[in-house]
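J.: I have a structure here, written as structure tokens, and I will follow up with some questions on it.
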Amino acid sequence: MTKQNESLRVTADRIVDIRRELHRYPELSNEEFETTARIRGWLEEAQIRILDYSLSTGIIAEIGDAQKGPIIALRADIDALPIQEETGLSYASLYPGRMHACGHDFHTAALIGTAYALKEKEHLLKGRVRLIFQPAEEKAKGAQQIINSGALEGVQAIFGMHNKPDLPVGTIGIKEGPLMAAADGFIVEIAGKGSHAAVPEAGIDPIVTASHIITALQAIVSRNVSSLKSAVISVTKLHSGTTWNVIPDKALLEGTIRTFDEEVRGDVLHRFSQVVDGVAAAFGTTATVRWIEGPPPVNNDPILAKLGTAAAAAAEYMTVVPVPSPAGEDFAVYQQHIPGLFVFMGTSGLHEWHHPSFDLDEQSIPVSIGFFTALAELALEHYAE
């Protein structure tokens, strides 16, 4: 075993312990106070420079000569989910109803490990590596909070990852262009007129209207989106009425729209409102649409994708072109400001994200450290030219 590999193994063992500690103490979006304090402590142990930005939770650090550039950023998300853990792990969540069911504990620990590895060769870096430990990804708010703090200023490019349970450990999914979807939510309120169920003609039934709206919305994907592109409209909640013999006066629909292209996204959202208004009017009801704007699509820079592939090769890891995921990720918000690359890290998991039994193979930790260390060095060389 080479000296570098031995160092990586020792670092990885330490990072496994860090990941498990994070897993025991999960915190929800914008409540990551203990998590932030722990990260600060682990970084300070390695004498990694903490930068002063106005963040309630989350932390920004930097490695490299503070007087020279270029600057590239590595980002990890730190928040957990309101899910009751069912893994049975010895280091399972100690907080009822809270769990790292999306692997952000792994992302955070891997970035700390990468920071340790880069700190050892700080004098060789051809610029600076900014470390972004971001809060509130699950609420799709944290990336904008980081940007608002000014932490992205002066950064030439940003890199991040998400664990991928269906990829084996040692395999990294790298793809230029769209990788993850825009994720917009909707709430539709339909107002009709209540009546006794025995005399429906005396009222205006919002449930009938809601049913036709749900059916009509599916035609947007089949008739308004090119067969060469994609979109998903899912109505996931329908609520109306309180008893069996009364036609209610209101109905509520909720759901989500997923798209990989900004033009398609705009067209689908516009057509959605048209369909809702038109169907509601046809049945004599009125409807209002309230949007819950999610992150835009993750759209990887092609030059950075090539750098990522080169870094994986240098670290002797396998790469694949992954199938895009319709899940959302607010890393995309950074990519609206600077070039970015988001990759899928193989973790050989048995369950998908947000499952109460979600877990991952911790052998993916040294892979992540090795990959992002190599990527940071290559990116600095690229921007230093």
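The values are calculated or read from the model by the stated rules, or taken from the named source; none is laboratory data. The shown structure was predicted, so the numbers you read here are calculated from the model rather than taken from an experiment. For neighbour counting, all protein chains shown are included, and Cβ atoms are generated from backbone atoms with ideal geometry for every residue, glycine included. Remember, those area values only see protein heavy atoms, side chains included, never the ligands or the DNA or RNA. Shrake-Rupley method; radii C 1.70, N 1.55, O 1.52, S 1.80 Å.
J.: Determine whether segment 86-99 contains at least one residue that is small (Gly, Ala, Ser) and under 22 Å from Phe159 (Cα atoms).
T.: no
J.: I need every pair where a residue in segment 281-305 that is farther than 18 Å from Val333 by Cα has its Cβ under 6 Å from the Cβ of a residue that is open to solvent by 80 Å² or more (accessible area, probe 1.4 Å) and not hydrophobic (A, V, I, L, M, F, W, C), sequence separation at least 6 or different chains.
T.: Thr288/Glu189
J.: Search segment 27-46 for residues that are small (Gly, Ala, Ser) and pair each with any residue that is open to solvent by less than 20 Å² (accessible area, probe 1.4 Å) when their beta-carbon atoms are under 8 Å apart and the residues are at least 6 apart or on different chains.
T.: Sorted first by the residue in segment 27-46, then by its partner, the pairs are Ser29/Asp79; Ser29/Pro135; Ser29/Ala136; Ser29/Glu137; Ser29/Gly142; Ala46/Ala115.
J.: Working only within segment 152-186, note down all residues that are over 17 Å from the mean Cα position of the chain (by Cα) and closer than 18 Å to Pro295 by Cβ.
T.: The answer is Leu152, Phe186.
J.: Could you list, in sequence order, all residues of segment 81-112 that are in a helix (DSSP H, G or I), farther than 18 Å from Ala140 by Cα and among the β-branched types (Val, Ile, Thr)?
T.: Residue satisfying the conditions is Ile112 alone.
J.: Just give me the residues in segment 43-69 being in contact with a helix residue (DSSP H, G or I) (Cβ under 9 Å, 6 or more places away or on another chain) and hydrophobic (A, V, I, L, M, F, W, C), in sequence order.
T.: Across segment 43-69, the qualifying residues are Leu43, Ala46, Ile48, Ile50, Leu55, Ile59, Ile60, Ala61, Ile63.
J.: Restricting attention to segment 65-113, which residues are surrounded by fewer than 19 Cβ atoms within 10 Å (Cβ to Cβ), charged (D, E, K, R) and at pLDDT 95 or above?
T.: Answer for segment 65-113, where residues must be surrounded by fewer than 19 Cβ atoms within 10 Å (Cβ to Cβ), charged (D, E, K, R) and at pLDDT 95 or above: just Glu86.
J.: Can you tell me which residues in segment 309-337 are in a loop (DSSP other than H, G, I, E, B) and open to solvent by 30 Å² or more (accessible area, probe 1.4 Å)?
T.: Selection gives Glu316, Tyr317, Val321, Val323, Pro324, Pro326, Gln336, His337.
J.: Before we move on, is Leu269 over 26 Å from the mean Cα position of the chain (by Cα) and not charged (D, E, K, R)? Talk me through it step by step, then tell me what you get.
T.: Numbers: over 26 Å from the mean Cα position of the chain (by Cα): no; not charged (D, E, K, R): yes.
Taking the combined requirement at face value, the residue does not satisfy it.
J.: Might you let me know whether segment 115-133 holds any residue that is of a type outside the set (S, T, N, Q), on the phi < 0 side of the Ramachandran plot, surrounded by 22 or more Cβ atoms within 10 Å (Cβ to Cβ) and assigned to a loop (DSSP other than H, G, I, E, B)?
T.: no
J.: Name every residue in segment 35-64 that is open to solvent by 80 Å² or more (accessible area, probe 1.4 Å) and either outside any loop (DSSP other than H, G, I, E, B) or in contact with a Phe, Trp or Tyr (Cβ under 9 Å, 6 or more places away or on another chain) (or both), in order of residue number.
T.: Arg40, Glu44, Glu45, Ser56
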